[in-house]
Amino acid sequence: MIPAEDALVRLKEGNRRFVEGESKTHGAGTVARRESLTDGQQPFAIVLGCSDSRVPVEMLFDQGLGDLFVVRVAGNVLGLSQLQSIEFSAEHHGARLVVVLGHSQCAAVAASVSEHSKPVEQRTPALQSIIGEILPALDQLDDTTRLLRHEEIMPHAVRVNVATSVRTLRQESGVLQSLSRSAGLQVVGAEYSLETGAVDFFDTLDPV
């Protein structure tokens, strides 16, 4: 079992390798590693990320089979199934770090920003369940930010969406709160840049 602090360092180091084009894991030793995992798994971190094809979580952290428990959904939203998947892995696999990973130019967040000012009856039917999870987060943007142009709002919207899920995991999951007290589990937010390949962890490691 890897402590949250060590798991975070491992993710940061892997992302540095990815950014610098020095990835070691992708495609290397997969047969032996696959065979070693047939009897179980012990991922060292849990990541709630977006389904966007440009955000392959294991690759951007330079991790391989069995290293990460990844939950992916458009907009990295935290619905009930995502929450319970995270809780299950934390309880049964021993991971002590949970990362909520947003990314720049997120289409689900962009759609939510566009829909935010519309009356409910005028909103686009597609992605409504996803947008419905993101809109409450956008309500937290201040009035000045809401007056910005769409492309200027997006960085704020991506981060407030991540922060909302981090807060929910920290404050509303009894399972994670219990593991925080007994085993040092921690939850952090981060953003992946499509432009640079870098992941910015913008939360400190604080107990849940």
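Listed here are the helices (runs of 4 or more DSSP H) enclosed by segment 1-62 that have at least 3 residues being at pLDDT 85 or above and under 19 Å from the mean Cα position of the chain (by Cα): 4-19, 57-60. Each residue in segment 167-205 was checked for being under 11 Å from the mean Cα position of the chain (by Cα), within 25 Å of residue 114 (Cα to Cα) and surrounded by fewer than 22 Cβ atoms within 10 Å (Cβ to Cβ), and 1 pass. Residue count for segment 63-83, restricted to those that are out of contact with any Pro (no Cβ under 8 Å at 6 or more places or on another chain) and not in a loop (DSSP other than H, G, I, E, B): 10.
All conditions in (1) buried (at least 19 other Cβ atoms within 10 Å of the Cβ); (2) modelled with pLDDT under 95; (3) closer than 19 Å to residue 14 by Cα hold for residue 208, with the sole exception of (3).
The values are calculated or read from the model by the stated rules, or taken from the named source; none is laboratory data. Keep in mind that what you see is a predicted model, and the values were worked out from it rather than measured. Every residue, glycine among them, receives a Cβ derived from its backbone with ideal geometry; neighbour counts consider all protein chains shown.
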